[in-house]
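Have a look at the structure below before the remarks.
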């Protein structure tokens, strides 16, 4: 937020965030961010070195690669932001098993594939804001059909990655079939969204995909 305060102040969606709204200064935000980041990293590395390394990777991908380097240069920056978004679930898996395994990587991919559904849906709704702020996003660079197709396909891939990870982890079959059934409904909704090219349906798909992610995580926690 400290680095993005200039673009946040230009966008209706973000101008009420604490720094652009003047609730706190950029200096105060920077101090808080540094304390939280360093404190979190110290805690993570004291728990486990590999766990701390994954947490550090998430911080680097999000703060350096995505925010400082690519966000203002390419709409494809969301892929790197998606990797950062997947680091928390990988960190939890590492802390549980002591290793980076295929199931953990699939969980990262599930989050990564969900990111286009999340970011592109908001980009469609606020594409004028992003254009005004000078942030390149898919709806301002590619056709509506292309964006809808990417959103639908990425949602399907996210569900498939979750199901594959759950199978490898050894999720109880009852829970796995519940997840598969919900994934099938999400797949059907994604296909309808691709064919309809409706922004409203895209937003509903985003909500449904988010709920599916929550339910999938809870099923994995309860059913292992």
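The values are calculated or read from the model by the stated rules, or taken from the named source; none is laboratory data. A quick note: this is a predicted structure, and the numbers were derived from the prediction, not measured. When we count neighbours, we look across all protein chains shown, and the Cβ atoms used for this are built from the backbone with ideal geometry, even at glycine.
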Restricted to the stretch 19-40 and to residues being out of contact with any helix residue (DSSP H, G or I) (no Cβ under 7 Å at 6 or more places or on another chain) and closer than 30 Å to residue 124 by Cβ, the residue surrounded by the fewest Cβ atoms within 10 Å (Cβ to Cβ) is 22
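Go through the stretch 91-100 and count every residue that is free of Cβ contacts under 8 Å to residues at least 40 places away in the same chain and either part of a loop (DSSP other than H, G, I, E, B) or crowded, with 16+ Cβ neighbours inside 10 Å (or both). If you could, list the steps in order and put the result at the bottom.
So the first thing to find is which residues in the stretch 91-100 are free of Cβ contacts under 8 Å to residues at least 40 places away in the same chain, and the list is 92-93, 96-97.
Narrowing the set further to residues that are either part of a loop (DSSP other than H, G, I, E, B) or crowded, with 16+ Cβ neighbours inside 10 Å (or both) leaves 92-93.
Of the residues in the stretch 91-100, 2 are free of Cβ contacts under 8 Å to residues at least 40 places away in the same chain and either part of a loop (DSSP other than H, G, I, E, B) or crowded, with 16+ Cβ neighbours inside 10 Å (or both).
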Return yes or no: is residue 154 crowded, with 20+ Cβ neighbours inside 10 Å, at pLDDT 90 or above, touching a helix residue (DSSP H, G or I) at 6+ places or on another chain (Cβ under 6 Å) and part of a helix (DSSP H, G or I)? yes
Counting only residues in the stretch 1-41 that are within 22 Å of residue 131 (Cβ to Cβ) and not in a loop (DSSP other than H, G, I, E, B), the one farthest from the chain's Cα centre (by Cα) is identified as 6
Residues of the stretch 191-218 being modelled with pLDDT under 90 and either outside any helix (DSSP H, G or I) or touching a helix residue (DSSP H, G or I) at 6+ places or on another chain (Cβ under 6 Å) (or both), in sequence order, are 193, 194, 197, 198, 199, 201, 202, 203, 205, 206
Within the stretch 42-56, of all residues that are part of a helix (DSSP H, G or I) and either touching a strand residue (DSSP E or B) at 6+ places or on another chain (Cβ under 6 Å) or touching a residue at least 24 places away in the same chain (Cβ under 8 Å) (or both), the one surrounded by the fewest Cβ atoms within 10 Å (Cβ to Cβ) is 47
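Residues checked against (1) under 15 Å from the mean Cα position of the chain (by Cα); (2) without any contact (Cβ under 8 Å) to a residue 40 or more places away in the chain; (3) in the same structural domain as residue 114 (by TED's automatic domain parsing):
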position: 129; (1), (2), (3): no, no, yes
position: 134; (1), (2), (3): no, no, yes
position: 139; (1), (2), (3): no, yes, yes
position: 143; (1), (2), (3): no, yes, yes
position: 151; (1), (2), (3): yes, no, yes
position: 158; (1), (2), (3): yes, no, yes
position: 164; (1), (2), (3): no, no, yes
position: 167; (1), (2), (3): no, yes, yes
position: 173; (1), (2), (3): no, yes, yes
Please work out if residue 221 is at negative phi and out of contact with any helix residue (DSSP H, G or I) (no Cβ under 8 Å at 6 or more places or on another chain). yes
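Just to verify a result, which residue in the stretch 57-83, among those that are assigned to a loop (DSSP other than H, G, I, E, B) and surrounded by fewer than 19 Cβ atoms within 10 Å (Cβ to Cβ), is nearest to the chain's Cα centre (by Cα)?
For the stretch 57-83, the residue satisfying everything is 76.
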